[in-house]
Structure formats: structure tokens, C-alpha cells
Amino acid sequence: MIAKDLKNRGKLIRLLMPYFTEKKFRKINKIMKAGKGRNFSKTLDMKEIFIERTDGSQLRVVIFYKKDDLIPSEELRPGLLWIHGGGYAIGIPEQDFSFAELFIARHNCVIFMPDYTLSTQKPYPAAFDDCYQTLLYMKEHAAEFSINENQIMTGGDSAGGGLCVAVDLMARDSGDVKISFTMPLYPMLDSRKTSSSTDNDAPVWNSKSNEAGWKLYLGDENKLSKYAVPALENDFKGFPSTVTYIGTIEPFYDETMNFVKKLEKQSVEVSYKVFQGAFHAFDIVCAKSKSAKEAREFLGKAFENACKS
């Protein structure tokens with residue numbers, strides 16, 4: 001079932017890491033910690049800022065921007081909140097530097113990536129609160145970073161895509177921030193089982209990994225909120241213009257297509273692409289494949305068009 005250009009890498013990944021567990025999440029985080037504060041991009045400048053949370057602790061946020069760009073400057077540019085993936089349980093903002101390179105190559109912008117609280121540390125709503133606080137910070141400090149307040153955008157991959165949709169919903173419901181465009185890629189939206197997330201043994205992320213990820217993120221939460229599980233929301237009126245893509249053999253296929261259908265039914269502008277035989281995060285782990293290049297071109301063009309509109 002795996003697409004030809006993804007098959008060899010997919011087999012290797014499934015052999016080395018058949019599925020994730022809480023123990024594996026924690027082990028990976030210890031390894032990834034070494035990457036914090038490092039700029040892996042050769043084309044962008046990066047800096048860290050720290051936002052004070054309500055409890056007095058510090059939220060680290062990584063900012064990517066065009067190399068040698070002056071901030072602030074007279075030229076306003078879009079501000080993008082980008083949220084990394086990792087099943088809500090693993091990851092650091094720096095891992096998504098290639099997304100930052102893609103977007104800034106297409107249109108000058110400034111990108112904020114929160115180092116949100118992972119579920120191995122605290123369950124929902126810790127990660128959501130961190131991401132939403134970063135969005136509010138972007139709006140409040142728009143002039144400081146030369147952000148066009150009419151072009152505040154959001155995006156994220158996997159769990160980052162789920163957090164992205166949750167943030168979009170809160171922004172719409174509260175009226176705090178007007179989000180002009182959103183890019184939740186193969187988003188992790190539904191803790192309930194779907195046809196595609198049941199008995200799925202695809203590479204990178206499968207049913208076992210998904211169950212472990214949601215269990216950690218939701219913790220002992222009994223009364224689920226749409227901000228924890230965005231698939232619970234059915235009213236998407238006033239939601240921002242959206243772009244996404246998804247592979248047909250990954251666990252999130254059904255929930256992503258259900259999300260897209262809800263947007264279409266309620267006349268929200270949405271553009272999406274389906275990749276036959278693509279597994280989770282194929283665009284990252286098989287970056288040189290034909291499928292990945294097609295996905296990134298589709299995303300980059302959509303972002304560029306949104307910036308110019």
C-alpha cells in the first residue's frame with residue numbers, strides 16, 4: 001500500500017521504530033534536548049525569546065526570520081505561528097526549520113515557534129495554553145516585530161496541526177485575534193477511533209503510537225473540550241482560510257478528511273491535497289521523494305498566495 005517513492009524509507013522506519021510508547025517518548029526527548037537553541041538553517045537567522053506564563057515560569061519561543069533582516073523595520077510582513085509535531089509528547093521547535101525555510105523563501109515573514117509543554121511533562125491544557133499565549137504575544141508585539149496585524153497566520157504539522165486548529169477555534173470564539181490563514185498539516189484532531197486510525201500499522205505513526213499519544217495528552221481529563229480534541233467541533237463558521245494535505249494510509253486520514261468536509265459544508269475556503277500511499281510525516285522523513293516535493297510545492301504556493309492576497 002505504500003507509494004513506491006516512500007517504500008524503502010518506510011520499511012526501514014517501521015523496522016527501527018515500530019511504534020511509540022511513553023518510555024520511548026521520554027527517551028527521545030532526552031536526546032532532542034541537545035538541539036535546543038541551535039540554528040540548523042543555513043539560510044535563516046534565529047533567536048529565542050522568553051514569555052512569562054501566568055504561573056511565573058518562562059515559555060521559550062524560537063523566532064525564524066530572513067537572514068540579515070532588520071526587525072523592526074518599516075516593511076510590515078506576515079506573522080506566522082508555527083507549531084511543531086510529535087504526538088503532543090515529543091519535539092522541539094528547531095526540528096521544523098525546513099518549514100521556516102520554505103515559507104520565508106516564498107514570502108518574507110517572521111515565524112514564531114513555541115517550545116510548548118509536552119504531554120510527558122503536563123497534559124492538556126498546558127501545550128494549548130502555551131501556543132495560544134504565543135499567538136497573543138504576536139498580536140501585542142506586532143509593531144516590535146514588523147508584523148502586519150491583518151496577516152497573522154497559523155500552522156503546524158501532526159500534533160502541531162491539532163494544536164493549530166484548537167488555537168484557531170479559540171481565536172475565533174474569543175475574538176482575541178483575527179487569523180487570516182491557517183495550515184494544519186495531517187493534523188492530530190480526534191482521540192476517538194476512526195477507520196483509518198484502527199488497526200493501522202503504517203510507518204512513523206500507527207494505532208499503538210496514537211493511543212499512547214492521546215492517553216498522555218488528555219491525562220485524566222474526563223470532560224473533553226474541543227480545544228483538546230478539535231474533531232468534537234462541528235461549527236466552523238468564521239474559521240480562517242485553510243490549506244492541508246494528508247496521506248491515504250496514515251491514521252489521521254479520516255479525521256483530516258472529516259475536518260475538510262466540515263469546512264467545505266460551511267463554505268470555509270479550503271484547499272487540500274491527498275497523497276496516495278503516503279504515510280505520516282512523509283514530507284519530512286522522505287524529504288527528497290517526489291511526493292514530498294509535490295507536497296511542499298503545494299504548501300509553499302498556497303502560503304505565497306495567502307500572503308499576497
Selected residue (criterion: nearest to residue 37 (Cα to Cα)) from residues of the stretch 85-125 that are of a type in the set (Ser, Thr, Tyr) and not in a helix (DSSP H, G or I) | 116
Hey, residue 274 modelled with pLDDT of 95 or more, within 16 Å of the chain's Cα centre (by Cα) and either surrounded by fewer than 20 Cβ atoms within 10 Å (Cβ to Cβ) or closer than 29 Å to residue 129 by Cα (or both) or not = no
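For residue 122, are the conditions met, namely being farther than 20 Å from residue 182 by Cα, of a type in the set (Lys, Arg) and open to solvent by 10 Å² or more (accessible area, probe 1.4 Å)?
On the way: farther than 20 Å from residue 182 by Cα: yes; of a type in the set (Lys, Arg): yes; open to solvent by 10 Å² or more (accessible area, probe 1.4 Å): yes.
Taking the combined requirement at face value, the residue satisfies it.
Residue under question is residue 215, and the condition is that it be surrounded by 14 or more Cβ atoms within 10 Å (Cβ to Cβ) and of a type in the set (Lys, Arg); does it hold?
Details: surrounded by 14 or more Cβ atoms within 10 Å (Cβ to Cβ): yes; of a type in the set (Lys, Arg): yes.
Criteria met by residue 215.
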Of all residues in the stretch 146-164, count the ones that are open to solvent by less than 40 Å² (accessible area, probe 1.4 Å), out of contact with any Leu (no Cβ under 6 Å at 6 or more places or on another chain) and within 17 Å of residue 178 (Cβ to Cβ).
-> 5
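Kindly indicate the residue of the stretch 204-224 that is outside any helix (DSSP H, G or I) and under 19 Å from the mean Cα position of the chain (by Cα) and also farthest from residue 85 (Cα to Cα) among those meeting that condition.
Step one: list which residues in the stretch 204-224 are outside any helix (DSSP H, G or I), which gives 204-206, 219-224.
Right, trim to under 19 Å from the mean Cα position of the chain (by Cα) and you get 204-206.
Details: 204: 12, 205: 12, 206: 15 Å.
Only one residue fits best here, namely 206.
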Just to be sure, is residue 91 more than 22 Å from residue 149 (Cα to Cα) and either in contact (Cβ under 8 Å) with a residue 12 or more places away in the chain or in contact with a Phe, Trp or Tyr (Cβ under 9 Å, 6 or more places away or on another chain) (or both)?
-> yes
Test: residue 259 is part of a loop (DSSP other than H, G, I, E, B) and either surrounded by 17 or more Cβ atoms within 10 Å (Cβ to Cβ) or in contact (Cβ under 8 Å) with a residue 40 or more places away in the chain (or both) = no
Among the residues of the stretch 165-195, write down those that are within 13 Å of residue 227 (Cβ to Cβ), outside any loop (DSSP other than H, G, I, E, B) and open to solvent by less than 10 Å² (accessible area, probe 1.4 Å).
-> 165, 166, 167, 168, 169, 171
Contact list, first residue from the stretch 54-72 and open to solvent by 80 Å² or more (accessible area, probe 1.4 Å), second anywhere and in a strand (DSSP E or B) and acidic (Asp, Glu), beta-carbon distance below 6 Å, six or more apart or interchain, is 67/45
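Return yes or no: is residue 51 under 13 Å from residue 138 (Cα atoms) and touching a Lys or Arg at 6+ places or on another chain (Cβ under 7 Å)? Steps first, answer last, please.
Numbers: under 13 Å from residue 138 (Cα atoms): yes; touching a Lys or Arg at 6+ places or on another chain (Cβ under 7 Å): no.
Taking the combined requirement at face value, the residue does not satisfy it.
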Looking at the stretch 123-147, which of its residues are touching a residue at least 12 places away in the same chain (Cβ under 8 Å) and within 15 Å of residue 216 (Cα to Cα)?
-> 123, 124, 125, 127, 128
Matching residues, the stretch 232-254, being of a type in the set (Gly, Ala, Ser) and in contact with a Phe, Trp or Tyr (Cβ under 7 Å, 6 or more places away or on another chain) = 241, 247
Given (1) open to solvent by less than 40 Å² (accessible area, probe 1.4 Å); (2) part of a loop (DSSP other than H, G, I, E, B); (3) of a type in the set (Phe, Trp, Tyr); (4) within 30 Å of residue 308 (Cα to Cα), number of the condition residue 20 does not satisfy = (4)
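The values are calculated or read from the model by the stated rules, or taken from the named source; none is laboratory data. Quantities reported herein were computed from a predicted structural model and do not represent experimental measurements. Note that each Cβ is placed from the backbone with ideal geometry, even for glycine, and that neighbours are counted across all protein chains shown. These area figures cover heavy atoms from the full protein model, side chains too; ligands, DNA and RNA do not enter into them. Shrake-Rupley method; radii C 1.70, N 1.55, O 1.52, S 1.80 Å.
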